[in-house]
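See below for the structure under consideration.
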Amino acid sequence: MRLVFLGPPGAGKGTQAKILCGRYGIPQISTGDILRESKAQGKLAPELVTLMESGGLLPDDALIALIDGRTKQDDCRRGFLLDGFPRTIPQAEALDAMLERRGEPLDGVIAPEVPLTLLIERATLRRTDKRTGQIYHLSYKPPPPDAILEVRPDDQEEVVRKRLATYAESTAQLLPFYERTTRLVKVDGVGSVDEVTERIEKAWQARKEQAAHNA
Ligand code: AP5
């Protein structure tokens with residue numbers, strides 16, 4: 001199973017990706033997490049750290065090379081879920097080309113839809129446990145008392161607004177891109193985490209049945 005999660009900041013991509021990857025036994029490949037890990041290890045160039053923390057996108061070539069290498073690793077043999085990649089048309093075209101070369105096309109693109117005001121609230125009140133990487137929310141999913149909480153530098157409200165503008169300018173173009181090739185599965189992303197998971201699984205199942213029927 002080779003899937004992409006496509007959605008704006010705060011849509012719940014990371015939250016849902018962790019649940020589904022656990023259920024299906026495939027790795028979650030989050031470009032944001034990989035970049036934050038590189039930064040923590042001092043391996044991300046300072047100009048890229050600044051770009052990331054101010055809400056811009058990093059260069060396509062670097063991200064394409066990263067995904068090409070990561071999806072060739074052994075744990076991806078049964079599939080993978082890409083969370084945060086692709087984010088531009090050149091990234092999406094490169095992904096299709098690399099998977100086509102391997103004879104392993106993308107199965108689908110899941111797009112959770114959430115209104116703007118909720119996206120801002122979800123991102124600004126997000127907290128992450130430094131030790132486990134678990135994602136919490138101060139209102140909707142309060143962290144346990146022993147969690148060591150971190151706030152992402154790009155979760156300050158003005159940066160969240162910039163990231164949303166970057167999404168609207170570049171990444172939202174991928175919705176019609178994937179819709180044209182019937183790989184897009186839109187899902188209502190409003191509701192509890194469990195409700196959204198259930199909707200994603202139902203929509204994904206329906207898509208697979210439709211694809212089997214058309215084959
Ligand atoms: P990245 O880390 O990918 O950030 P993002 O796409 O902006 O997404 P977020 O992590 O903010 O949100 P999410 O949808 O995962 O939501 P979450 O599940 O955490 O990228 C960061 C940066 O890296 C980019 O800005 C860019 O600079 C760079 N980058 C990364 N990939 C790149 C690429 N391909 N090309 C170029 N640059 C790249 O949920 C959010 C909050 O809501 C949490 O607190 C959660 O608990 C809560 N929540 C989730 N679901 C629910 C629910 N159903 N109800 C209530 N609360 C919920």
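Residues 60, 188 in ascending order of nearby Cβ atoms (within 10 Å, fewest first): 188, 60. Of the residues 97, 119, 133, the one whose Cα sits farthest towards the positive end of the charge dipole of region 26-151 is 133 (charges of +1 on Lys and Arg Cβ, -1 on Asp and Glu Cβ, taken about the Cα centre).
Dividing the helix sum by the residues of the chain, where each DSSP H run of 4 or more adds -39500 (n - 2.57), gives a mean residue ellipticity at 222 nm of -15000 deg cm²/dmol. Filter 13/162; 43/130; 18/162 down to the pairs with a C-alpha to C-alpha distance above 22 Å, please. 18/162, as the Cα separations exceed 22 Å there. Within the shell of other residues whose beta carbon sits under 11 angstrom from the beta carbon of residue 162, the net charge comes to -3, with Lys and Arg scored +1 and Asp and Glu -1. For region 20-105, the residue among 20, 67, 50 whose Cα projects farthest onto the positive side of the dipole built from Cβ charges is 20. Each of 24, 167 was scored by other Cβ atoms within 10 Å of its Cβ. Arranged with the fewest first, they read 24, 167.
Throughout, read-outs are computed from the coordinates displayed, never taken from laboratory work. Being a predicted model, the structure only gives us computed values, none of them experimental. Neighbour counts run over all protein chains shown; Cβ positions are idealised from the backbone, glycine included.
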